[in-house]
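S.K.: Here it is, the structure in full.
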Amino acid sequence: MKAEPTAGAQANNIAAPSANAIARAVELLRAGQVIGLPTETVYGLAGDGLNPAALARIFEVKQRPLFDPLILHFADAGSAFAVAAAVPEIARQLAEKFWPGPLTLILRKKEIVPDLATSGLPNVALRVPAHPVAQALLRAFGGPLAAPSANRFGRISPTDAQAVHVELGRSIPLILDGGPCAVGLESTVLYVAEHPPVLLRAGGIPVEEIEAITGPVRHGVPVEDRPQSPGQLKHHYAPRKPLEFVADAAKIPSRPDIGWLAFGPVTRKFPGVIENVSPGGNLREAAANFFRALRSLDDHPRVAEIYAARFPETGLGLAINERLERASG
């Protein structure tokens, strides 16, 4: 493995995704290093998905427990399904509808997938990202990339290159800058190795759209340890400051040191700091702005506590509420 760049060299490690930068990224990945990669959901910490040393580096940089499995990213459905031991018809239907896109499918794995990628589980998490930079890199690299969110374990997921640099900049040699993430929430994770499918994590594709293909899905529950899939741990996405998740905005204290993660029109006078993820009440806009706004409140010098009220339990609101519940834990 090549030596890591010095801290000084890493201080300017954000690069526009030019052909030269993509080629440099491929070189680093083939040497077993990890890089920052934009996707349509959040930025990922990408490494060679079939190289145990690179996978170990991902866990090291993120300070992620080894029992929390990774998602493997592929350029297309054919290459993704090639590492699965069996592919049910429902998985193919979902891939046809939602790939490339923010859907992760959990299937039985072939032996080619390292145990470190799956935390020793017999299943593998597969996704085909839609972001053009991710697609360009996957095709140039020619194999799967493991790419969990590019942040310290349990912290707020990054949705732009600068947030990756703040979190991990001195631990990785390169961050490809693909602009702000369009979806802004991690992928929906669906276990499809048996019927009916199980929703293990709400995410960038609303469950209603999935159920239009699969019929009703079962809902998994968050766990304290030994998750079946990425993003299933009960405590996750946490800011440094205390976060209170309340039933409605009327329960948010009116104090200057309160940060309010708001949604929809705000009619009351509020002496604290407001980050409104969608003044017009649009859940897709809210999802795209969610992690950025949460990070902004967490970094604001006047904010001592963060409050958020429950979002509508439909569409992407389910995924936002799920993250707030885990962040407040």
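The values are calculated or read from the model by the stated rules, or taken from the named source; none is laboratory data. What you see is a predicted model; the values in this text were computed from it and never measured. Note that we place each Cβ from the backbone using ideal geometry, even for glycine, and neighbour counts take in every protein chain shown. Calculation scope for accessible area: heavy atoms of the full protein, side chains included, ligands and nucleic acids excluded. Shrake-Rupley method; radii C 1.70, N 1.55, O 1.52, S 1.80 Å.
S.K.: Just name one of 74, 253, 237: the one whose Cα is farthest towards the positive end of the charge dipole of the chain (beta-carbon charges, Lys/Arg +1, Asp/Glu -1).
M.R.: Result: 253, furthest along the dipole toward the positive end.
S.K.: Could I ask something else about it? Loop only by DSSP, 14 or fewer other Cβ within 10 Å of the Cβ. Give me the trypsin sites (Lys or Arg not before Pro) in the range 77-119 that pass, ordered by residue number.
M.R.: 110
S.K.: Also: Amide H of residue 44 versus every other amide H placed in the peptide plane: which residues, excluding those fewer than 5 positions away on the same chain, fall under 5 Å?
M.R.: Sorted by chain and number, the residues that satisfy this are 37, 39, 150.
S.K.: At a 1.4 Å probe, what is the % contribution of carbon and sulfur to the accessible area of the chain?
M.R.: 54
S.K.: On to the next question. When the Debye formula is applied to the Cα atoms of the range 1-126, each taken as the same point scatterer, what base-10 log of I(q)/I(0) results at q = 0.12, 0.13, 0.19 Å⁻¹?
M.R.: -0.51, -0.59, -1.16
S.K.: Set the Förster radius R0 to 25 Å, insert the Cβ-Cβ distance between residue 213 and residue 282 as r into 1/(1 + (r/R0)^6), and round the FRET efficiency to 0.05.
M.R.: The computed FRET efficiency comes out at 0.55.
S.K.: In the chain, what % of DSSP beta bridges are antiparallel (nearest 5)?
M.R.: Bridges in the chain that DSSP calls antiparallel: roughly 40 percent.
S.K.: Could you pull out every residue, at least 5 positions away or on a different chain, whose amide H is within less than 5 Å of the one on residue 14? Hs are placed 1.01 Å off N in the peptide plane, and Pro or chain starts have none.
M.R.: 175
S.K.: With a 1.4 Å probe and every protein chain left in place, work out the accessible area per residue of the chain in Å², rounded to a whole number.
M.R.: About 39 Å² of surface per residue is accessible.
S.K.: Counting just the Cα atoms, what span does the chain cover along each of its three principal axes? Round to the nearest Å and put the largest first.
M.R.: 57, 53, 33
S.K.: So, one more: With just the Cα atoms defining each centre, how far is the range 19-82 from the range 95-164? Give it in Å.
M.R.: After rounding, the separation between the Cα centres reads 7 Å.
S.K.: State to the nearest 20 debye the size of the charge dipole of the chain about its Cα centre, where the only charges are +1 on K and R beta carbons and -1 on D and E beta carbons.
M.R.: Roughly 460 debye for the chain.
S.K.: In the range 241-319, what GluC sites (Glu not before Pro) fall in a loop by DSSP, with at most 15 other Cβ atoms inside 10 Å?
M.R.: Of the GluC sites (Glu not before Pro), the ones in loops of the range 241-319 whose Cβ has at most 15 other Cβ atoms within 10 Å are 313.
S.K.: While we're on this one: Report the FRET efficiency, 1/(1 + (r/R0)^6), for residue 268 and residue 111, where r is their Cβ-Cβ distance and R0 is 51 Å, rounded to 0.05.
M.R.: The pair residue 268/residue 111 has a calculated efficiency of 0.30.
S.K.: What full-extension length gain, to one decimal in nm, is calculated for residue 194 and residue 66 as 0.36 nm per residue of separation minus the Cα-Cα distance?
M.R.: Difference between extended and current length: 43.6 nm.
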